[in-house]
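The structure appears right after this line, and notes come after that.
The values are calculated or read from the model by the stated rules, or taken from the named source; none is laboratory data. Since the structure is predicted, the reported quantities are computational estimates derived from the model, not experimental observations. Positions of Cβ are generated from backbone atoms using ideal geometry, with glycine treated the same way; all protein chains shown enter the neighbour counts. What goes into the accessible areas is simple: the full protein's heavy atoms, side chains included, and nothing from ligands, DNA or RNA. Shrake-Rupley method; radii C 1.70, N 1.55, O 1.52, S 1.80 Å.
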Amino acid sequence: MINEKMAQALNEQINAELYSAYLYISMAAYFESVNLPGFANWMRVQTQEELMHAMKIYDFVNERGGRIILKAIERPPVEWKSPLAVFEATYKHEQKVTGLINELVNLAIEEKDHGTNAFLQWFINEQVEEEKSASDMVGKLKLIEANPEGMYMLDKEMGQRIFTPPAGTEEGQQ
Ligand SMILES: [Fe+2]
Ligand SMILES: [Fe+2]
């Protein structure tokens, strides 16, 4: 059974993952509003990933006998000054989430909760990917930002992204 302190911290992380989903759907809506449907698609897929992260933690807390308590989700921003600004914000946000995951691992170690520590390793690896995909986008957008043809091509490319649910159990061993 999971202890109270660890369950509470994981509940906070469920909220952070749901906020991430909310932030990315707001970014999708921004991209729809500036006629970049491919970028919007990319953000919609990102939203699904964040919901999957939240549910992965939900399932884990539940399986370990903890109580899931949902809190209010903060309102996300609605406007950005450019696609580059969106991805700079995404990169910054993912770095913040990495910090939160690291703190959860620190707590699991402190509490000698090896099960939770093992569970969180999936998220450690996931955050490496999340930071990389955001910073890659920042790099690409810096290259083409003033070039409408480049933006058109990149938008098409981003329209190809599809959500792939993780294989295996809800514990997410991939
Ligand atoms: Fe996440
Ligand atoms: Fe993320």
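Among the trypsin sites (Lys or Arg not before Pro) found in the range 6-95, those both in a DSSP coil and sparsely packed, with 12 or fewer other Cβ atoms within 10 Å of their Cβ, are 67, 71, 81.
Going 7 Å from the Cα of residue 1 toward and past its Cβ, which residues in the range 30-74 have a backbone nitrogen under 19 Å from where you end up? What the label zone holds, given the 19 Å backbone N cut-off, is 59-69.
Among the listed pairs 5/92; 96/156; 71/132; 56/140; 5/71, those with a Cα-Cα distance over 25 Å are 5/92; 96/156; 71/132; 56/140. Comparing 121, 46, 160 in a Gaussian network model of the chain where C-alpha atoms under 10 Å apart are linked, the largest mean-square fluctuation is found at 160. Of the two radii for the range 1-127, the radius of gyration is 1.03 times the Kirkwood radius, both from the alpha carbons; that is the Rg over Rh value.
Modelled this way, with points 7 Å down the Cα-to-C-beta line, the labels at residue 81 and residue 136 are 2.8 nm from one another.
Full extension of the chain between residue 110 and residue 74 yields a length gain of 10.1 nm, computed as 0.36 nm times the residue separation minus the alpha carbon distance. The residues of the range 45-126 expose on average 54 square angstrom of accessible surface per residue, using a 1.4 Å probe on protein heavy atoms.
What longest region of the chain stays clear of GluC sites (Glu not before Pro) that DSSP places outside H, G, I, E and B and that have at most 11 other Cβ atoms within 10 Å? With a cap of 11 other Cβ atoms within 10 Å, the longest stretch comes to 80-174.
For the range 2-72, the equivalent ellipsoid built from the Cα gyration tensor has semi-axes of 31, 10, 6 Å, listed from largest to smallest. Long hydrophobic helices in the chain, taken as whole DSSP H segments with a C-alpha length of 24 Å or more on their own axis and mean Kyte-Doolittle hydropathy at least 0.5, are absent. Label-to-label distance for residue 95 and residue 144 is 2.5 nm, based on points extended 7 Å past Cα in the beta-carbon direction.
Taking label positions 7 Å along the Cα-Cβ direction at both residue 121 and residue 62, the computed distance is 2.5 nm, reported to one decimal. Only protein atoms count toward the accessible area here, which uses a 1.4 Å probe; on the chain, the carbon and sulfur part of that area reaches 55 percent. Rounded to the nearest 20 debye, the dipole size of the chain about its Cα centre is 240 debye, using +1 on the Cβ of Lys and Arg and -1 on the Cβ of Asp and Glu.
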